[in-house]
Amino acid sequence: MAPRKLTPPVLGADASQKAVAALRKHLSAQLSPVLCVEDAALAARCRAMASRESALHASQPDARQEAFPLDGPDWSQLREDLTALAERTLRRLAPDVPRLPLDARLCLRRYPPGHTGQRLGAHVDDTLCTLLWASTPGLEILAPQDDAAWNGADVAKVGLPTMGPPPKVVQEDDWATVTPPSADCFLFTPGNGWSGIVTSVPLRSPTLHRVAVGGDVERLSLPLLVSVRGDYGSALNSVGEALRQISLDGAAKAAEDRLSPLTEVLGVELLQHLDAESLCRLNMCARFFGEEHATTRRSRCEDAARERALDLMQGHVTGLCVLEGVSSVRQLGQQVFRAFLVAFYKSLAREQCRTFPYLPDGRRIPKGRWPKWRQDFQGWFHTLDAFEAGPVAAYAAAEALRGLAMAVTGGSPPQAVLDAAREAADRALLARPGELRVWVDTRRDLPHDDGRIAALVAGQGGRWERNYDSDDYSDDSYDTMFFGTATFPSLRHAVEVKDALRADEAVECLSVQYLDWERLNYLLS
Ligand SMILES: O=C(O)CCC(=O)C(=O)O
Ligand SMILES: [Fe+2]
């Protein structure tokens, strides 16, 4: 019996809000959801590049399926363009999902002619989502006749050994062949990581699929496997892994067994003591199995994160509360509050690595730790994470406050508000962790003064190094320059000794290496 054919709905470039809402419903309702995404130019590029690449590889005798890694600038460019299409698709379906950094893998699969039956076994992709171009149909998805009798846990168990009750078995006629409506289509399918991230489009299950293709035609495909990169990616993935375990080992029990028993055992107060990342992980679980707060409709973890972030913000937005005539950050109007968070994030993204390269525990701040876009529930974790990271957040908050005070008052905020923000920024700067190198210009290029300067610097735990003129090959011993560097254990150490250093007759002036770092120069002057 020829397999049934199934044509997925198309997400057109000009789809209305209503059409997109219908597609979301479709994704949520299907056991193995698939959408088509059209892009004629990209599809044509895939076709041309896939056949060119395939021609470079000799066929293995009897291979039912071969996969080739793709190297070189053309493939990198294509991967980027496909990833951009996947991201656009994702954002149209779930605009509330924060812009998480994505990673994508691309390979070429070749299904040589002359075989029948299954060519790539049934699986769910370990991705956030997958974008698939293929030269001909051949992808099959699970679409059982008794659809209503299946749930997500059944799909997760397909093909796996289990100790529990016998899993559902997929029959041959439970598969349907996906037939896109045109050759310009890509197939978009959610993977295992979807549900941990795209909570606004819940799924019955991610897409269980396989490839079965027969006949005399060679089939080529380019699957783009998209996942979330970085800390969040691994945090979310490990939660995804744990959740899969839970759903495999005891789905029925877990669905009933929400977060409340955990908090009953450990106490709700526990949530106050978790760091942002742990809270985020727990929240991910809570969103699956957790209890919502009856009035806020947020999960308990999300609520706890929000409360803690508000407490931490309280000290930083005093000036804003004064301007708005309220006494607590909780009373700030939603618009003002949002504007503050946007300004805070802008400032954080600008300052984090340059002014504050180190976290209080000595680690370097990883690039992109705080993404610019923070909305909805993950925003609270980013906010909390930032405020837990020491003075960098206090500095960003003070900077944000100053800009916002200007905007709120049409350019003339009360001096007291500006002064308070300035003071908060200076305090944050003085608490900057990590080494600081100070440039010291001297009045003479003679090394005679070095002992004195070195002693002053060493008094604050620092070290002094005179710069040498590497081009000076003359045999006099004074091939030293008019400057050197003093490296202090922290900025505060430098500020402690700056007056004594500047008072020394040998010292001309002090500066820090970043010339646009005006405030620090001011503090050191
Ligand atoms: O080749 C195909 O059409 C599907 C490939 C696939 O499912 C995968 O690479 O995960
Ligand atoms: Fe796949």
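With a ≥ b ≥ c the root eigenvalues of the C-alpha gyration tensor of region 300-430, is it rounded (a/c under 1.5), prolate (a/b larger than b/c) or oblate?
Here region 300-430 falls in the oblate category.
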In order through region 36-46: 3J(HN,Hα) via Karplus (6.51 cos²θ - 1.76 cosθ + 1.60), integer Hz, x for Gly, Pro: 9, 10, 9, 7, 4, 5, 5, 4, 5, 5, 4
Selection from LEU320, ALA424, ALA339, by position along the positive dipole direction of region 300-430 (Cβ): ALA339
Estimated vicinal HN-Hα couplings, Hz - region 120-137 in sequence order (Karplus 6.51, -1.76, 1.60; Gly, Pro = x): 9, x, 5, 7, 10, 5, 8, 9, 6, 7, 10, 10, 10, 9, 9, 6, 9, x
Interchain or long-range residues, amide H under 5 Å from THR179's placed H: LEU6, THR7
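Calculate what fraction, in whole %, of the accessible area of region 4-231 sits on carbon and sulfur atoms when a 1.4 Å probe is rolled over the protein chains.
Ligands and nucleic acids excluded, carbon and sulfur reach 53 percent.
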Surface share of carbon and sulfur [accessible, 1.4 angstrom probe, percent] for region 300-430: 53
Long pairs among LYS18/LYS157; LYS18/LYS168; LYS18/LYS367; LYS25/LYS168; LYS25/LYS367, criterion Cα-Cα beyond 32 Å: LYS18/LYS157; LYS18/LYS168; LYS18/LYS367; LYS25/LYS367
Mean Cβ count within 10 Å, highest first, over the residues of peptides 22-28, 410-416, 357-363: 22-28, 357-363, 410-416
Ranked packing of 4-11, 401-408, most packed first, by mean Cβ within 10 Å: 401-408, 4-11
Fully extended contour minus Cα-Cα distance, from ALA503 to VAL20, at 0.36 nm per residue: 166.9 nm
Calculated from backbone phi, Karplus (6.51, -1.76, 1.60) coupling profile of region 110-116 in Hz, x at Gly/Pro: 10, 10, x, x, x, 10, 10
Full-extension gain in nm, LYS346 to ALA29, via 0.36 nm per residue minus C-alpha separation: 110.3 nm
Cα-projected label distance for ALA148 with GLU307, points at 7 Å along beta-carbon direction, nm: 4.3
Gain in span if fully extended, CYS107 to ARG79, counting 0.36 nm per residue against the direct Cα distance: 9.1 nm
Pairwise FRET efficiency - SER412 versus PHE68, Cβ, R0 = 56 Å, nearest 0.05: 0.30
Charged-residue dipole, Cβ positions (Lys, Arg, Asp, Glu), region 4-231 about Cα centre, Debye nearest 20: 320
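The values are calculated or read from the model by the stated rules, or taken from the named source; none is laboratory data. Quantities reported herein were computed from a predicted structural model and do not represent experimental measurements. Using ideal geometry, Cβ is built from the backbone for each residue, glycine included, and neighbour counts are taken over all protein chains shown. When the accessible area is computed, the model is the full protein with side chains, heavy atoms only, and any ligands, DNA or RNA have been set aside. Shrake-Rupley method; radii C 1.70, N 1.55, O 1.52, S 1.80 Å.
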